[in-house]
Amino acid sequence: MSDQTASSQEQSEDMSDDMTDDMDMAARTGTFEGLNDKSVAGMVEVSDTELVLSGYSSDEGPDLHVYLTDGTDEAAVAAGTEIDVVAFDEASQTFALDGVDVAGYDTVVIHCDKAKAVFGAAPVA
């Protein structure tokens with residue numbers, strides 16, 4: 001292999017490593033805990049493009065939604081961004097974050113909109 005080809009290959013590998021590092025840095029993860037006498041469990045991963053629930057379970061609620069917030073009270077939910085309806089009994093769920101700036105949020109909340117109650121939350125870091 002010529003020196004130029006070897007150098008190009010090394011540059012390509014370095015760029016690939018840099019992209020992987022950037023992707024890893026963008027994703028933040030957290031573990032759910034139940035709140036207000038409700039049960040919520042599982043993991044969440046938030047990237048710039050999607051929110052992924054894994055190993056997820058929750059008490060059943062009539063109108064459960066997932067939110068990005070800066071806390072776990074009703075005021076934080078009201079000021080946060082609603083992502084979508086969430087199923088209480090599906091362990092793996094993925095939600096697109098089109099147009100959502102995730103940088104300003106530090107918590108993922110499972111909220112019953114009908115009862116205005118926080119079921120659980122996961123701080124993400």
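In this entry, Asp70 passes the filter for residues that are under 16 Å from Ala125 (Cα atoms) and not basic (Lys, Arg). Within segment 73-105, being of a type in the set (Val, Ile, Thr) and under 21 Å from Gly55 (Cα atoms) holds for Ile83, Val85, Val86, Thr94. Remark: pairs (first residue in segment 34-45, on the phi > 0 side of the Ramachandran plot; second residue among the aliphatic types (A, V, I, L, M) and assigned to a strand (DSSP E or B); Cβ separation under 7 Å; 6+ apart in sequence or on different chains) = Asn36/Ala117; Asn36/Val118; Gly42/Leu53. Scanning segment 75-120 for residues that are among the aliphatic types (A, V, I, L, M), in a strand (DSSP E or B) and within 17 Å of Ser47 (Cα to Cα) yields Ile83, Ala96, Val108, Val109. Against the test of being surrounded by fewer than 13 Cβ atoms within 10 Å (Cβ to Cβ) and over 17 Å from Thr29 (Cβ atoms), the options Ala125, Ala96 yield a single qualifying residue, Ala96. Kindly establish whether Tyr67 is touching a helix residue (DSSP H, G or I) at 6+ places or on another chain (Cβ under 9 Å), surrounded by 12 or more Cβ atoms within 10 Å (Cβ to Cβ) and within 13 Å of Phe119 (Cβ to Cβ). Considered against the rule, which asks whether it is touching a helix residue (DSSP H, G or I) at 6+ places or on another chain (Cβ under 9 Å), surrounded by 12 or more Cβ atoms within 10 Å (Cβ to Cβ) and within 13 Å of Phe119 (Cβ to Cβ), Tyr67 comes out as yes.
Being under 19 Å from Leu97 (Cα atoms), of a type outside the set (A, V, I, L, M) and surrounded by fewer than 19 Cβ atoms within 10 Å (Cβ to Cβ) is the filter here, so list the residues in segment 72-83 that pass it. Hits for segment 72-83 are Thr81, Glu82.
Every read-out reported here was derived from the displayed coordinates using simple, explicitly stated rules and does not represent laboratory data. Everything numeric here is computed off the predicted structure, so don't read it as measured data. Note that we place each Cβ from the backbone using ideal geometry, even for glycine, and neighbour counts take in every protein chain shown.
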